[in-house]
Amino acid sequence: MQWFVFCLTLAPPCFLALLIFKYSVDLPQWDEWEYVRLFEKLSRGSLTIADLFAQMNEYRQFFPNLVFVALGWLTRGDVRYEMLVTFLVACLISFNVYRLAEHTIGGDRIPRLFLILVANLIIFSPAQYENWLQGQQLVYYFPIACVTLCLLVAYSHWNLKTKFGVCACLSVVSTFSSANGILCWLLVLPVLILVEPSDRLSARRWLVIAWVFGLCSSAALYLYHYQKPLSSPTASTALSYPLLAITYFLGFLGAPLALEKGKVAAVAGLILTSGFGLSCFYLFRRRADLALVRRMMTWLMIGAYSILTGVMTTIGRLGFGVGQSQNTRYIGFSA
């Protein structure tokens, strides 16, 4: 029975792989044409780190750019290989969720595998088809891959300094991959502190100070010579129209579970947000149970990743209209 359920958990990625293979086309779309300048400079031998670090829309996607340039050089610019890497990163996220479940969810293995099946149905949902069929969408999956890897590191048997060092490196990769990548710094720290049973408070204090320094340094470097894209709406729209902002935010969160756009997605988002809030309240009431806190905090931080990303997206994109929250690309963040 365990093997049968385990094979079921592999059905969503296998089905998605077949869809990508069938429908993928070697044709750059939208912002993928921006990478032409990188390939031109690469062919002339004039490509620099500054070119890879340069702002693209609101992003400084240095590490995805490294992948794009390397794949472009190896495959003569075939964007289908970028789609393959995106799929493999999604598989890494699924594996990380599976391992986190083993660390935090007790009891029989079969119910845990059914939970992984549900997770895979969301992670590999064909509803986010734009992400699967555009190679550039790799940037949407780097941050959560880094977050889940950091959470796994927190549960490892490594010493505390090694954990902080590895997670700091992954947080840098997350920051310079997508606009919401800096959330990795904020979400991983509570788990690193709570999971570690060490009583060396002085060592932990200095590590936390170093972590905050890394966060501030990454943010300062990200904002260095940052320019707001002309096509981006003003961030004050969310303050001027709070009801629209709430509708946008709920629709953003509910998109992975909504069968249709509009109010259904907002209702799904409201249910999910309420469930998250109740979980936080339950943990607060049971805060004296440190074992429960250590096991539950991981999943709350993953949920907080989607919620905080929804807040950032609402502030930055509400000017495009409430319907824009249903963009299938955003499911890569909200899922």
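Just so it is clear, none of the values below were taken in a lab; they were calculated from the coordinates. What you see is a predicted model, and the numbers here were worked out from it, not measured in a lab. So basically every Cβ, Gly included, is an ideal-geometry build from the backbone, and we count neighbours across all protein chains shown.
Key figures for this structure:
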{"item": "Dipole magnitude of the chain, debye to nearest 20 (Cβ charges: Lys/Arg +1, Asp/Glu -1, about Cα centre)", "result": "780 debye"}
{"item": "Candidate aspartates and glutamates - alpha carbon under 12 Å from K163, same-chain residues fewer than 8 apart omitted", "result": "E196"}
{"item": "Unmatched cysteines, the chain - criterion: no other Cβ of a Cys under 4.7 angstrom", "result": "C7, C14, C91, C146, C169, C184, C216, C280"}
{"item": "For segment 93-152 and segment 264-301, distance of Cα centres in Å", "result": "18 Å"}
{"item": "Using distinct alpha-carbon pairs, which all enter the 1/r mean, Kirkwood radius of segment 71-220 in Å", "result": "16.9 Å"}
{"item": "Candidate aspartates and glutamates - alpha carbon under 17 Å from K228, same-chain residues fewer than 8 apart omitted", "result": "D31, E58"}
{"item": "Highest-MSF residue in the chain out of G107, G135, G251 [GNM, Cα springs under 10 Å]", "result": "G107"}
{"item": "Segments 305-317, 144-156 sorted - mean Cβ within 10 Å per residue, highest first", "result": "144-156, 305-317"}
{"item": "Computed over segment 1-117: relative contact order in percent, which uses C-alpha pairs under 8 Å that are six or more apart", "result": "39 percent"}
{"item": "Debye intensity ratio I(q)/I(0), log10, the chain, q values 0.10, 0.12 Å⁻¹ (C-alpha model)", "result": "-0.64, -0.94"}
{"item": "Sum of side-chain charges, V139 neighbourhood, beta-carbon under 14 Å (Lys, Arg +1; Asp, Glu -1)", "result": "-4"}
